[in-house]
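One structure below.
The values are calculated or read from the model by the stated rules, or taken from the named source; none is laboratory data. Worth saying up front: this structure is predicted, and the values here are computed from it rather than measured. Glycine gets a Cβ as well: all are built from the backbone with ideal geometry, and neighbour counts include every protein chain shown. Note: accessible area is taken over every heavy atom of the protein model, side chains too, but ligands, DNA and RNA are not part of it. Shrake-Rupley method; radii C 1.70, N 1.55, O 1.52, S 1.80 Å.
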Amino acid sequence: MADAPGSDGSTGRRRAAPAGKPSARVRMSAAQRREQLISTARQIFAERGFDATSIEEVAARAKVSKPVVYEHFGGKEGLYAVVVDREVRALLERITTALTAGHPRELLEQAAMALLTYIEEETSGFRVLVRESPVLSATGNFSSVMNDVAHQVEHILGAEFSSRGYDPKLAELYSQALVGMVALTGRWWLEVRKPRKETVAAHLVNLAWNGLSHLEAKPGLITVRGR
């Protein structure tokens, strides 16, 4: 039996929505929009660097108007600073959390693996960090993260040097050298991605640890001896 017609001439039966009609866009909260813009900018900064990135492109990819970006961050510099600050804290936390072992060799392994894993899992973030920008201060870039890690390594090496009869004042020099070696190797591995990260970490530790275990108390340069 057919439905009785309504006062408007319809049968009262609910009509299906026209096929292919897009659903209404869900409006983002201010916090959600901010996160979206940060994520979008992170990807573009990783691809292009600071100078080649524009607010127009960030807005276009996020499907918002330029004023929305300015409202949240004040400009490209402000947006970039937020992206970098997040990556700095994320990488530092990852490495710091990884340093749980008691033996210095195991600590070297943990630090190397933490950095390489970050590069593997957060490639865009690492690319942002290693791209130096004139708008950053000395405390807001990849070098500052590595410097913080080096200070932690310095305390560990200082204790080891004292127990082995080496000058503990040189722990800072060695910590910078060790962390710098891992960091530069990580930047290289970012592009080549071979061998696998475990192999890279093992070779880094092999060079570092075997070098540390055969330190000379007072090394000299062969090329300048006797002058």
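Based on this model, can you work out whether LEU178 counts as in a helix (DSSP H, G or I), out of contact with any Lys or Arg (no Cβ under 6 Å at 6 or more places or on another chain) and closer than 13 Å to LEU108 by Cα?
Judged against the criteria, LEU178 is a match.
Looking for something assigned to a helix (DSSP H, G or I), of a type in the set (Lys, Arg), more than 25 Å from TRP189 (Cα to Cα) and without any contact (Cβ under 8 Å) to a residue 24 or more places away in the chain - is there at least one such residue anywhere in the stretch 48-60?
No: the stretch 48-60 contains no residue that is assigned to a helix (DSSP H, G or I), of a type in the set (Lys, Arg), more than 25 Å from TRP189 (Cα to Cα) and without any contact (Cβ under 8 Å) to a residue 24 or more places away in the chain.
Taking the stated definitions as given, is ALA171 surrounded by 14 or more Cβ atoms within 10 Å (Cβ to Cβ), among the small types (Gly, Ala, Ser) and within 20 Å of the chain's Cα centre (by Cα)?
No; evaluated as a whole, the condition is false for this residue.
Taking the residues in the stretch 93-133 that are without any contact (Cβ under 8 Å) to a residue 40 or more places away in the chain and under 30 Å from THR53 (Cα atoms) as candidates, determine which candidate is farthest from the chain's Cα centre (by Cα).
Looking at residues that are without any contact (Cβ under 8 Å) to a residue 40 or more places away in the chain and under 30 Å from THR53 (Cα atoms), I get GLU132.
Which is at pLDDT 95 or above and open to solvent by 60 Å² or more (accessible area, probe 1.4 Å), of ARG196, ARG187?
Sole residue among the options that is at pLDDT 95 or above and open to solvent by 60 Å² or more (accessible area, probe 1.4 Å): ARG196.
Can you pull out every residue in the stretch 203-227 that is assigned to a helix (DSSP H, G or I), open to solvent by less than 60 Å² (accessible area, probe 1.4 Å) and in contact (Cβ under 8 Å) with a residue 12 or more places away in the chain?
LEU204, VAL205, ALA208, TRP209, LEU212, listed by residue number.
Taking the stretch 43-54, which residues are crowded, with 17+ Cβ neighbours inside 10 Å and of a type outside the set (S, T, N, Q)?
If the condition is that a residue be crowded, with 17+ Cβ neighbours inside 10 Å and of a type outside the set (S, T, N, Q), then ILE44, PHE45, ALA46, PHE50 are the ones that fit.
Can you tell me how many residues within the stretch 159-168 are open to solvent by less than 60 Å² (accessible area, probe 1.4 Å) and assigned to a helix (DSSP H, G or I)?
Number of matching residues: 2.
What number goes with the only condition from (1) exposed (fewer than 11 other Cβ atoms within 10 Å of the Cβ); (2) at pLDDT 95 or above that THR40 does not pass?
(1)
Residues of the stretch 161-174 being hydroxyl-bearing (Ser, Thr, Tyr) and at pLDDT below 90, which ones?
Within the stretch 161-174, SER162, SER163, TYR166 qualify.
Search the stretch 65-112 for residues being open to solvent by 30 Å² or more (accessible area, probe 1.4 Å) and outside any helix (DSSP H, G or I), and hand back the single one that is farthest from MET146 (Cα to Cα).
Among those residues, the one meeting the criterion is SER65.
Return a yes/no flag: does the stretch 140-158 have any residue that is aliphatic (A, V, I, L, M), part of a helix (DSSP H, G or I), touching a residue at least 40 places away in the same chain (Cβ under 8 Å) and open to solvent by 20 Å² or more (accessible area, probe 1.4 Å).
Yes: the stretch 140-158 contains one or more residues that are aliphatic (A, V, I, L, M), part of a helix (DSSP H, G or I), touching a residue at least 40 places away in the same chain (Cβ under 8 Å) and open to solvent by 20 Å² or more (accessible area, probe 1.4 Å).
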